[in-house]
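What follows draws every value from the coordinates through simple rules; no lab data is involved. Keep in mind that this is a model prediction, so the values were computed, not measured. Quick reminder, even Gly has a Cβ in these numbers, built from the backbone with ideal geometry, and neighbours come from all protein chains shown.
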């Protein structure tokens, strides 16, 4: 490690259709499977500050938002550790040191996420991308974006101990609006040129203040699918078809927003029959209120069980619904579409 300072940033996402199908091997059983999502400027950040050669060899891993911290005398001590308080950073450091060689200099690795805990907008996956990229730069390892994605996804699976989907890493890497095609020959990202301003004017992103364990919810659905649950299989066939329709609609020169609303509602209805814990009383009450007061559609973000949901609204009703949702206990997260993907700078 020679660079004195490295900062990597990656943004979170909102998923519109096709989630959970991005977990291998589920998409292989649904030809044409894809997910559709857009990046939001809710940012995750990793900074690495490398000590000079005459300074301490101590390694510090620090999460500024969760206030978790690890101290190791040197890289060898980190490699021997069985547990980490800042597990995301610890697991990634262990991978890089064991694969590419341990550093001789000490460093401080600090992470920060603007995403609320358990929000369902891929805060952990975006932070995995930022931290993977920062460590690669610090270790002088050349990785392309797909290699960064593979490492981040696989290490996150080790961390949470259940399979992870691939879709969350692409908004962090590329930004914008995406269709992630899940094919037998690999995963392919397609950029969708839908107006970012229209998305920003038509969606409310609401945090319920109730964190959830997305990996656990997804794993329960995966097990049911693999075990031959006919209802889950049938639902995912329909969810796969909805995702294709969503992609086709958003790819049009003029988006049919009422059709987007119909597809969102249809997908949300199917997801609620897959696993009972995907929704909560607060989500249901806020969604019901929003729909009664003019929202066109709603859908939970990620695997549900708490966290965030989105409301599709008419632009002229957005401010009114924003105030109403917050008056009833929801927290609206202001956002813009994340126009840039992964950013890495040296200081």
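Observations, loosely collected:
- Per the conditions (1) closer than 29 Å to residue 224 by Cα; (2) touching a residue at least 40 places away in the same chain (Cβ under 8 Å); (3) surrounded by 14 or more Cβ atoms within 10 Å (Cβ to Cβ), the sole criterion not satisfied by residue 279 is (2).
- Test: residue 273 is farther than 14 Å from residue 18 by Cα and out of contact with any strand residue (DSSP E or B) (no Cβ under 9 Å at 6 or more places or on another chain): yes
- Every test in (1) touching a strand residue (DSSP E or B) at 6+ places or on another chain (Cβ under 8 Å); (2) under 25 Å from residue 167 (Cβ atoms); (3) not in a strand (DSSP E or B) is passed by residue 299 save one, and that test is (3).
- Positions within the range 229-264 being surrounded by fewer than 20 Cβ atoms within 10 Å (Cβ to Cβ) and under 16 Å from residue 275 (Cβ atoms), in sequence order: 229, 230, 231, 233, 234, 238
- Filter pass, residue 49 being within 22 Å of the chain's Cα centre (by Cα) and in a strand (DSSP E or B): no
- Residue in the range 204-220 that is outside any helix (DSSP H, G or I), over 21 Å from the mean Cα position of the chain (by Cα) and over 15 Å from residue 26 (Cβ atoms) present: no
- Taken over the range 89-122, the criterion of being within 22 Å of residue 345 (Cα to Cα), touching a residue at least 60 places away in the same chain (Cβ under 8 Å) and touching a strand residue (DSSP E or B) at 6+ places or on another chain (Cβ under 7 Å) is satisfied by 105, 107, 108, 109, 110, 111, 112, 113, 114, 115.
- Residue satisfying all of: in the range 61-103; surrounded by 14 or more Cβ atoms within 10 Å (Cβ to Cβ) and in a strand (DSSP E or B); nearest to the chain's Cα centre (by Cα) among these: 63
- Of the residues making up the range 9-36, those that are closer than 20 Å to residue 117 by Cα and in a strand (DSSP E or B) are 9, 10, 11, 12, 13, 14, 15.
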